[in-house]
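Notes for the one structure printed next.
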Amino acid sequence: MKKVRIQDDLYTYVNQEWLESAVIPDDKPTTGGFAVLADGVEKLMMDEFKNLTKENNYPSEHMKYACKLYSKVLNTKKRNKDGIKPALKTLQKIQKLNTVSDLNKKIKELVIENLPLPFTFSIDVDMKDADKHAIFIQGPSVILPDTTFYKEGMEERKAMLLGFYKNMLEGLLSFAELSKEEIDTYIADTFAFDELIAKYVKSNEEWSEYAKMYNPYKLSKVNSLLKPIKFKKLVASLYETVPEKIIVTEPRYFLNFKEVFNEETFTLYKHWAYTKQLVKDSAYLSEELREIGTSYRRAISGIKVMPSVEKYAYQVASNFYTQPVGLYYALKYFGEEAKKDVTEMVSEIIEAYKERVKNSDILADSTKEKAILKLSTMKVKMGYPDKIDSIFDKFVFEDKDSLYKAVSTIRKEYRLDELSNLTKEVDRGKWYMPGHLVNASYNPSSNDITFPAAILQAPFYSIKQTRSQNLGGIGAVIGHEISHAFDNNGALFDEKGNLNNWWTKEDFKKFNSRTKAMIKQFDGIELPWGKVNGSFIVSENIADNGGVAVTLHVMKKMDNPNYSEYFTNWAKVWCLKAKEEYLKLLLAMDVHGPAILRANMPPKNFEEWYDTFNVTKKDKMYIAPSKRVVIW
Ligand SMILES: [Zn+2]
C-alpha cells in the first residue's frame with residue numbers, strides 16, 4: 001500500500017504498518033489499542049488461574065471460589081454428560097405458566113430469579129436524588145442489534161440476522177423435551193413477540209440521551225398501564241414500604257403495553273421467554289449447547305470460533321468475580337509509582353479544565369462558577385478499590401454443584417442484593433469497573449471518574465514514555481472522562497450527581513448550538529462499511545474534543561512540548577482492526593464513533609494540529625477555521 005501523508009490521514013499514517021500486519025484473533029471481533037491490552041491481561045490472568053488452581057493455594061476466599069467456578073467450566077466431561085438437564089427446572093417454571101393469572105401468582109419469583117418478563121424491573125440510583133435508589137422499569141431488549149433494523153428498507157439484513165437466530169433456536173430447542181411441531185411454534189412465537197416489542201421500545205439513538213430515561217410515574221399509574229399484570233401487588237410483595245414513585249425509562253413502550261402483552265399474546269410471550277432464557281442459560285451447560293447458544297452473536301460480529309474452554313473458563317470466573325479478580329491483577333501487576341503519577345496528572349488536568357472554563361467565551365460568570373464547582377468536587381477512582389464489596393462474600397456454592405447451579409446461585413445473590421438496594425443509601429465509594437478492565441468511565445450520578453489499573457499501560461501510559469506521549473494517551477482519556485461531566489448528557493447533572501439544571505437559559509442555548517455543530521461535523525460521513533449518525537455519537541465526540549482541548553492546554557504550559565509525539569500517540573491508541581460485520585454492528589450499537597474518526601476528527605479543530613504538521617487547505621485533514629468546533 002502507498003504510504004499516506006500525515007496531513008491527509010493521521011490515523012492511517014501512524015498505524016499503517018500495524019494495520020497491514022495485525023491479525024484479528026479467531027475468537028474475537030477486533031484487535032487494536034484497547035483490544036491488544038485486554039487480550040494481554042486475559043492471557044496473563046489465564047496463566048494465573050491455571051497456576052492457582054494447580055497449586056490449590058489461594059490468596060483469598062473470593063479467589064478460591066473464582067477458581068472453583070473456573071474448574072467447573074473446565075470440567076467438560078461432567079457438563080457434557082449433564083447436557084441441558086441442569087437448566088430444565090428453570091425452563092419448566094416458564095413452561096408451566098398457562099395464563100396471565102399463573103404469571104401473576106409466580107411473578108415475584110420470576111423477578112427475583114430474573115427470568116424474562118415483558119418488562120424489566122431494576123433498582124438504580126434515583127437521578128434526581130442521587131443518594132437514594134428508585135425502581136426503574138424498562139421494555140425488554142429486541143433480538144436484532146437495534147430497533148432500526150425492523151424498519152422499512154432493512155428487510156434483507158433483518159431476514160439474514162433473524163436467520164442466524166432461527167438456526168440457533170432450532171439447535172438449542174432440539175435439546176429440550178419438545179416435538180418438532182412445538183419447536184416450530186416456539187420459534188414463530190418468539191419472533192412474533194419480538195416484533196411487538198420492537199414497535200415501541202427505544203432505539204439505541206434514543207437511549208443515548210441518557211437523562212430522558214428519567215420519567216417518574218405514580219405507582220398507581222404504572223399499575224394501570226401494566227394491566228393485566230398486577231404490578232402494585234408485585235411491588236408490595238417485594239417491599240414492606242411501597243414506594244409511590246416508579247421511574248419509567250421508556251414511556252412509549254408502557255403507554256402501548258396492552259397491545260404487546262395481554263391474554264391473547266400470552267402464549268407468544270411465554271415461548272419468547274422460554275427461548276430467551278434457554279439462550280442465556282446455554283452458556284453454562286454442555287460444550288455443544290455453548291457452541292450453539294453463542295452462534296448468533298458470533299455470526300453478527302463476524303467471529304469465527306468460540307473461545308477455547310480454558311479461555312472461556314477464565315472469562316466466566318472473571319465476569320462473576322469481577323472485583324476479586326481485578327484486585328488480584330492490580331496488586332500483582334500495577335505499580336504504586338504509576339498510580340501516584342497518573343493521579344497527579346488527573347489533578348493537573350482538572351486544574352487546566354478549570355482554567356478553560358474560566359476562559360470560556362460562551363458562559364456567564366454564574367454558569368462558570370457552577371462548572372468549576374463540579375470540577376472541584378469530582379472524585380477520582382484510580383487503579384482499584386481499597387475494599388471488595390460484601391456481595392462477593394455471598395458468591396459461594398457447593399463442590400458438587402453443576403456449573404449451572406453455581407452460576408444460578410451467584411446470579412440470584414446478585415439480584416437479591418440489587419433488589420435490597422431500594423431501601424439503602426447509595427454507596428458513592430462503589431466501583432463499577434474492576435481493576436483488570438482496559439477502560440475508563442465517568443459516572444454522572446456520583447460525579448466521579450474511574451481509571452482501572454489495566455488501562456494504565458503503554459501506549460496509554462508508561463513511565464518510559466515522554467510526557468507528551470502520555471498526554472496524547474492517558475491524558476486525553478482523562479480529559480475525555482472529565483468532559484463527560486459536560487457533554488450533552490452530563491451537563492444536565494449537578495456537582496452532587498442530581499439531574500438539576502445549573503445553566504442560565506442563554507448559556508444553555510449557546511452550548512446546544514455548539515453541540516449541534518459537533519453533530520454536523522460527524523453526521524453522514526461515509527465509511528466503507530456504512531454511514532455515521534452524528535446525533536447518536538455526539539456525547540462521545542464532545543468528550544473526545546474536550547479531552548484533546550484540555551491536554552493541548554496542558555502541553556502549552558510545558559517547557560518542551562512535543563506536539564508531534566502527542567498527536568502520534570493520540571492516533572496510536574485508537575488503532576483498530578475489526579471484522580466488517582462487527583464494524584457495521586458498532587455503527588448501529590456503539591455510542592462511540594468509528595476509531596478512524598476518533599483519531600482524525602478532533603485534531604482538525606485545533607491550531608496546534610495545523611502548526612505542527614503545516615496542514616493547509618490542500619490537505620485532507622484541513623477544515624476552515626469557521627467550521628472548527630471547540631466546546632470546552
Ligand atoms: Zn466516553
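A short reminder: the numbers here are calculations on the coordinates, not readings from a lab. Just so you know, these numbers come straight off a predicted model, no measurement behind them. As a convention, Cβ positions derive from the backbone with ideal geometry for all residues, glycine included, and neighbour counts pool all protein chains shown.
Find the relative contact order for the chain and round it to a whole percent, using C-alpha pairs within less than 8 Å whose residues are 6+ positions apart.
Working: 952 pairs, mean separation 137.2, N = 632.
Averaging sequence separation for qualifying contacts and normalising by length gives 22 percent for the chain.
Return, for the Cα atoms of the stretch 97-284, the radius of gyration and Dmax in Å, separated by a comma.
Every Cα atom of the stretch 97-284 included, Rg and Dmax give 17.3, 53 Å.
Give the angle, between 0 and 90 degrees and rounded to the nearest 10, that separates the Cα long axis of helix 580-589 from the longest principal axis of the Cα atoms of the chain.
With rounding to tens, the tilt is 90 degrees.
Projected onto the charge dipole of the chain (+1 at Lys/Arg Cβ, -1 at Asp/Glu Cβ, origin at the Cα centre), which of A440, S122, P228 gives the Cα projection farthest towards the positive end?
Comparing the listed Cα positions along the dipole, P228 ranks first.
Kirkwood hydrodynamic radius of the stretch 293-365 from all distinct Cα pairs, in Å?
Numbers: mean 1/r = 0.0587 Å⁻¹.
Evaluated over the stretch 293-365, this radius sits at 17.0 Å.
Suppose the Debye formula is applied to equal point scatterers at every Cα of the chain; what is log10 I(q)/I(0) at q = 0.06, 0.07, 0.09 Å⁻¹?
Each listed q corresponds, in turn, to -0.35, -0.48, -0.82.
Determine the dipole magnitude for the stretch 97-284: charges of +1 sit on the beta-carbon of Lys and Arg, -1 on that of Asp and Glu, nothing else is charged, the reference point is the Cα centre, and the result goes in debye to the nearest 20.
Details: 25 positive and 29 negative charges, 143 e Å.
In total the dipole reaches around 680 debye.
Using the alpha-carbon atoms, what tilt in degrees (0 to 90, nearest 10) does helix 336-358 show relative to the longest principal axis of the chain?
70 degrees
What number, in nm² with one decimal, is the all-direction average of the projected area of the convex hull of the alpha-carbon atoms of the stretch 1-115? Spell out each step's value before the answer.
Numbers: hull surface 57.7 nm².
Computing the convex hull of the Cα atoms and averaging its projections yields 14.4 nm².
Using only the alpha-carbon atoms, how far is helix 100-112 inclined from the longest principal axis of the chain? Give it as 0 to 90 degrees, nearest 10.
With both axes taken from Cα atoms, the answer is about 50 degrees.
Need one number: the % of Cα-Cα pairs in the stretch 258-300 sitting beyond the 15 Å mark.
53 percent
Which far-off residues, 5 or more places away or on another chain, put their amide H under 5 Å from the one on K381, with H placed in the peptide plane?
Those lying under 5 Å, H to H, from K381 are I449, T450, F451.
To the nearest Å, what is the center-to-center distance of the stretch 88-113 and the stretch 455-532, using C-alpha atoms only?
Value for the Cα centre distance between the two parts: 44 Å.
Amide H neighbours of K132 under 5 Å, counting only residues 5+ apart in sequence or on other chains, H built in-plane at 1.01 Å?
Here D126, V426 satisfy the definition.
When DSSP assigns beta bridges and you keep just the ones with both residues in the chain, what percent turn out antiparallel, to the nearest 5?
Details: 18 of 26 bridges.
Approximately 70 percent, going by the DSSP bridge assignments.
Starting from a Cα-only point model with no solvent, please compute log10 I(q)/I(0) by Debye for the stretch 505-589 at q = 0.12, 0.26 1/Å.
Each listed q corresponds, in turn, to -0.53, -1.24.
Among H271, V309, S564, pick out the residue whose Cα is farthest towards the positive end of the charge dipole of the chain, where Lys and Arg carry +1 and Asp and Glu carry -1 on C-beta, about the Cα centre.
Selected residue: H271.
Which cross-chain or sequence-distant (5 or more) residues have an amide H under 5 Å from the amide H of T120, H modelled 1.01 Å from N in plane?
Q138, G139
Taking only DSSP H segments of four or more residues, each worth -39500 (n - 2.57), what value at 222 nm results for the chain once the sum is divided by all its residues, to the nearest 500 deg cm²/dmol? All intermediate terms of the calculation are to be shown ahead of the outcome.
Numbers: 29 runs with 337 residues, N = 632.
Computed mean residue ellipticity for the chain: -16500 deg cm²/dmol.
What percent of all Cα-Cα pairs in the stretch 398-553 falls into each 5 Å bin, going from 0 up to the bin containing the maximum distance?
2, 8, 11, 13, 16, 14, 12, 10, 7, 4, 2, 1, 0, 0
Per 10 Å bin from zero, what fraction in whole % of the C-alpha pairs of the stretch 239-344 is there, up to the bin with the longest pair?
10, 21, 22, 26, 17, 4, 0
Dipole size in debye (nearest 20) for the chain around its Cα centre, Lys and Arg Cβ +1, Asp and Glu Cβ -1? Write down the numbers at each step before the final one.
On the way: 92 positive and 87 negative charges, 116 e Å.
The dipole magnitude comes to about 560 debye.
Using the Cα centre of the stretch 1-110 as origin and beta-carbon charges of +1 (Lys, Arg) and -1 (Asp, Glu), tell me which of V23, N57, N98 is placed farthest towards the positive end of the dipole.
Checked the options; the winner is N98.
Taking 8 Å as the Cα distance limit and 6 or more residues as the minimum spacing, I'd like the relative contact order of the stretch 97-284 as a percentage.
Numbers: 215 pairs, mean separation 58.4, N = 188.
Dividing the mean separation by the residue count of the stretch 97-284 yields 31 percent.
Quick one: check the C-alpha center-to-center distance for the stretch 3-27 versus the stretch 359-427, whole angstrom.
37 Å
Provide the percentage of antiparallel DSSP beta bridges, counting only those with both residues in the stretch 97-284; round to the nearest 5.
Numbers: 9 of 12 bridges.
Given both bridge residues lie in the stretch 97-284, the antiparallel proportion sits at roughly 75 percent.
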